[in-house]
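The values are calculated or read from the model by the stated rules, or taken from the named source; none is laboratory data. Predicted model, so just to flag it, every value in this text is computed and none were measured. No Cβ is skipped: glycine too gets one built from the backbone with ideal geometry, and neighbour counts run over all protein chains shown. All accessible areas refer to the heavy atoms of the entire protein, side chains included, with ligands and DNA or RNA removed. Shrake-Rupley method; radii C 1.70, N 1.55, O 1.52, S 1.80 Å.
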Amino acid sequence: GATSFLFTEYQYVGIFMIAFAILIFLFLGSVEGFSTKSQPCTYDKEKMCKPALATAIFSTVSFLLGAITSVLSGFLGMKIATYANARTTLEARKGVGKAFIVAFRSGAVMGFLLAANGLLVLYIAINLFKLYYGDDWEGLFEAITGYGLGGSSMALFGRVGGGIYTKAADVGADLVGKVERNIPEDDPRNPAVIADNVGDNVGDIAGMGSDLFGSYAESSCAALVVASISSFGINHDFTGMLYPLLISSVGILVCLITTLFATDLFEIKVVKEIEPALKKQLIISTILMTVGIAIVTWIGVPSSFTIYNFGVQKVVKNWHAPNFVRLGKINLLLSFE
């Protein structure tokens, strides 16, 4: 049922995706009248950067890549959840601990898929775009921002479309079951319960997966733009500019280690131990991630560098670098406002 709903939804989403991609190309390309001539760079008027038409083309490609990755993340997350439901039910007959391990690992798979897919596609796109843009980092990362927009656009459909569907099915099932037939909520005798469960899968899992990916892609792309207009971009420090992606990479490794504490090192025996186990995950991951960020910052970022703070150069230290992701997302939200 969830698969049928998603395929129907994605047919309409595909139409929107193509139409919105055309609009992005037309709006960005018309800035300079679809000019194919190089333009003076924003950060250095003496240098020439790629034309507006190139930005329009590559931004459109980025948007489509982000949209496809978002749709794929939501679909795979939903498939994993539906498979895990049956397996968790089966393991629950053996005890709470077995069921918790299956449920936790299946949720972790979706989380790893989102981060890994987003990181892989983003890194490949940057390197492919680099073949054309060369040292024009500002133009390259400006084109990459379409990736985050594509992810967020698809998340909107997943969350809103799935949410409306699941709530309509839920209310309809309750009205028919409780009011007309006087049977309990979510009773298997009520066929509308199937539609309710389908809506839960689509809205709460597929939609949530796309939404998480959208937030992840937006933050990464915005932080990359901030890095490109800093001294990293001027000095062609590729490692420094990819610092936001390095943080994400460390995060995947940290989460992989952290999951072992819940599934292998500590055994859940009763229901009341589940909440403390999940809280331990937050504490352990925070400690490990703090150490990981410190190591990456020390290795990949110079001791001091400059960024453009609303047109004014500002010298910052490398320990300020973890704020790149937060600053990037704030700037992106301001630009949309």
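Couple of notes before you dig in:
- Taking label points 7 Å from Cα along the Cα-to-Cβ direction, Thr36 and Leu131 give a separation of 2.0 nm.
- Taking θ as phi - 60° and the Karplus parameters 6.51, -1.76 and 1.60, the scalar couplings of the range 170-185 work out to 5, 5, x, 5, 5, 5, 5, x, 7, 7, 8, 10, 6, 10, x, 5 Hz in sequence order, x denoting glycine and proline.
- Within the straight-line cut-off of under 13 Å between alpha carbons, the aspartates and glutamates reachable from Lys167 are Asp196, Asp200, Asp204, sequence neighbours fewer than 8 places apart in one chain being disregarded.
- Cut-off under 5 Å, modelled amide H: who pairs with Ile229 long-range: none
- Dipole of the range 1-236 [Lys/Arg +1, Asp/Glu -1 at C-beta], most positive-end residue of Leu175, Ala81, Thr60: Ala81
- Surface exposure of the chain, expressed per residue as accessible area with a 1.4 Å probe, stands at 53 Å².
- If only the Cβ of Lys and Arg carry +1 and only the Cβ of Asp and Glu carry -1, the dipole of the chain around its Cα centre is close to 580 debye.
- For the residue pairs Lys79/Lys280; Lys94/Lys272; Lys98/Lys272; Lys130/Lys314, the C-alpha atoms sit more than 19 angstrom apart in Lys79/Lys280; Lys130/Lys314.
- Measuring r between the beta carbons of Thr8 and Ser215 and using R0 = 41 Å, the FRET efficiency lands at 0.95.
- Spin-label pair Lys178-Leu256: with each label point 7 Å from Cα along the Cα-Cβ axis, the two points sit 4.7 nm from one another.
- Which label in [x] 34, 22, 19; [y] 34, 26, 21; [z] 42, 27, 14 gives the computed semi-axes √(5λ) of the Cα gyration tensor in Å: [z]
- Among Gly139, Val193, Leu113 - extreme Cα towards positive end, dipole of the range 97-237, charges at beta-carbon: Val193
- Cβ-Cβ FRET estimate between Ala277 and Phe16, R0 fixed at 45 Å, reported to 0.05: 0.65
- For the chain, the longest principal axis of the alpha carbon atoms and the long axis of helix 274-300 meet at an angle near 10°.
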